[in-house]
Amino acid sequence: MRNIFLNIADYYIKIIISFPGLYSNSIKDRIFQMYGKFIISEYIKKPDFTIEIFNISCHYAFTNFIQKEKGWVNHYLKLFKEKDMKIRLLYHASGPQISFIILYALQKLLSKSYGFILHASGILINNRIILFTGKSGIGKTTAVSLLKNIYAPFSDDMVIVRRKKKNYIAFQSPFGKENSIPLLPGHHIDKVFFLKKGNTMKIGKIKNKQKLLSLLAYQLYTDGTSSKKQLLYLFDFARNFNGFNYLSFYKNSRDLINIIKST
């Protein structure tokens, strides 16, 4: 199998390994290890993005690769070139470099279709997602851990958010720490809680949209090429979604379950 198809947030990414041999097997093993649960068996005729990994076995071929071609943009330090929704990547790319390319492709897709990546954990309740976000170390993973005996964990580090019509859909991300969480389809977002540590369990509505946008912007996971568009999408999310709240909590599973049930 030289074609690998990923389904990430309902985007289809095709990876072509255009050479045989042990090294191609090594690349496939790395991709399966990093993205196993996002790999699909279905052959997609029209993928949203294509990544071609190919072998360069001599200086002449490498010289041809780095030459400028009409419509292609060369990224010399990263050893890939791109054109529209296609990337060509050299075969000796490491696992982190392949991850960078797939993330780069996803960010391009998100920037064209009202999407962004958010630092957040999440749980699934009645086919809807509740997200927990906030500054590093505030307890995003802890909140999911305290609730997991009652509610299915959805994410413990990052989620992909896409606007579809008037709804905001959360998808699991392959770039965080949640490889142990089973793959779940995208679901509508019901509420977003900004976490605070406290001595009481308390929920409060966030009404100040300017403050809300500032809080959200700190949790946006983006790159320089797509940050402007994604900040606009984030502004749209802050303005049109009405489920933003503060949640003050402490480390007690029963009490946290009860206050989540009360919402």
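Which order do D156, D48, D223 fall in if you start with the one that has the fewest other Cβ atoms within 10 Å?
D223, D48, D156
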Check your understanding: Which aspartates and glutamates have a Cα less than 15 Å from the Cα of K261, not counting those fewer than 8 places away in the same chain?
Key -> D190
Study note, to complete from the structure: Whole-Å distance linking the alpha carbon centroid of the range 186-263 with that of the range 121-172 is 10
Check your understanding: For N242 and R128 in the same chain, what is the full-extension length gain: residue separation times 0.36 nm, less their Cα-Cα distance, in nm?
Key -> 39.6 nm
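For a 21 Å ceiling on Cα separation, which of these pairs sit above it: K112/K191; K207/K251; K112/K228? Intermediate results must be reported in sequence, preceding the final value.
Values: K112/K191 25 Å; K207/K251 26 Å; K112/K228 12 Å.
Pairs exceeding 21 Å: K112/K191; K207/K251.
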Check your understanding: Among P96, Q210, Q172, whose Cα lies farthest out toward the positive end of the dipole of the chain, if unit charges sit on the beta carbon of Lys, Arg (+1) and Asp, Glu (-1)?
Key -> Q210
Exercise for review: May I ask you to derive the FRET efficiency for M201 and S145 from their Cβ-Cβ distance with R0 = 22 Å, giving the value to the nearest 0.05?
Suggested key: 0.85
Study note, to complete from the structure: By the Cα gyration tensor axes a ≥ b ≥ c (a/c under 1.5 gives rounded; else a/b larger than b/c gives prolate, otherwise oblate), the shape of the range 175-263 is oblate
Review point. Tell me, what is the percent relative contact order of the chain, built from C-alpha pairs under 8 Å that lie six or more residues apart?
Key: 17
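Convert 37 °C to kelvin, take the viscosity as 0.692 mPa s, use the Kirkwood radius over C-alpha pairs of the chain as Rh, and evaluate the Stokes-Einstein diffusion coefficient in µm²/s, rounded to a whole number.
D = 165 µm²/s.
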**Study point:** Extension gain, L220 back to L183 (0.36 nm per residue minus Cα-Cα distance, nm)
**Key:** 11.1 nm
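Which three numbers, in whole Å and largest first, are the semi-axes of the equivalent ellipsoid of the range 115-261 derived from its Cα gyration tensor as √(5λ)? Mind showing how you got there, number by number?
On the way: eigenvalues 102, 63, 39 Å².
Gyration-tensor ellipsoid for the range 115-261: 23, 18, 14 Å.
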Study note, to complete from the structure: Exposure proxy check on D255, D84, D190: fewest-to-most Cβ neighbours within 10 Å is D84, D255, D190
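Expected output is a single nm value to one decimal: the length gained when fully extending between K112 and D84, i.e. 0.36 nm times separation in residues minus the C-alpha distance. What is it?
Numbers: separation 28, 0.36 × 28 = 10.08 nm, distance 1.18 nm.
Full extension of this stretch gives 8.9 nm more.
Restricting to DSSP H runs of at least four residues, report the calculated mean residue ellipticity at 222 nm for the chain, -39500 (n - 2.57) per run over all residues, nearest 500 deg cm²/dmol.
Details: 7 runs with 79 residues, N = 263.
So the helix-based figure for the chain works out to -9000 deg cm²/dmol.
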Practice item. Only bridges with both residues in the range 115-261 count here: give the DSSP antiparallel percent, nearest 5. Key: 70
Exercise for review: In nm, give the distance between the simple-model label positions of L231 and Q210, each being 7 Å from the Cα along the Cα-to-Cβ direction.
Suggested key: 1.7
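I'd like the trypsin sites (Lys or Arg not before Pro) in the range 191-263 restricted to DSSP loop residues with at most 15 other Cβ atoms within 10 Å, sorted by number.
On the way: sites: K191, K196, K197, K202, K205, K207, K209, K211, K228, K229, R239, K251, R254, K261; in loops: K207, K251.
Passing both the DSSP loop test and the Cβ count: K207, K251.
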Practice item. Run the quick spin-label model on K261 and F54: label points 7 Å from Cα toward the beta carbon, then report their separation in nm to one decimal. Key: 6.0
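Read-outs: derived from the displayed coordinates by stated rules, not from any lab. Treat the numbers as computed from the prediction; the structure is a model and nothing was measured. Heads up, the Cβs are rebuilt from the backbone with ideal geometry, glycines too, and the neighbour counts pull from every protein chain shown.
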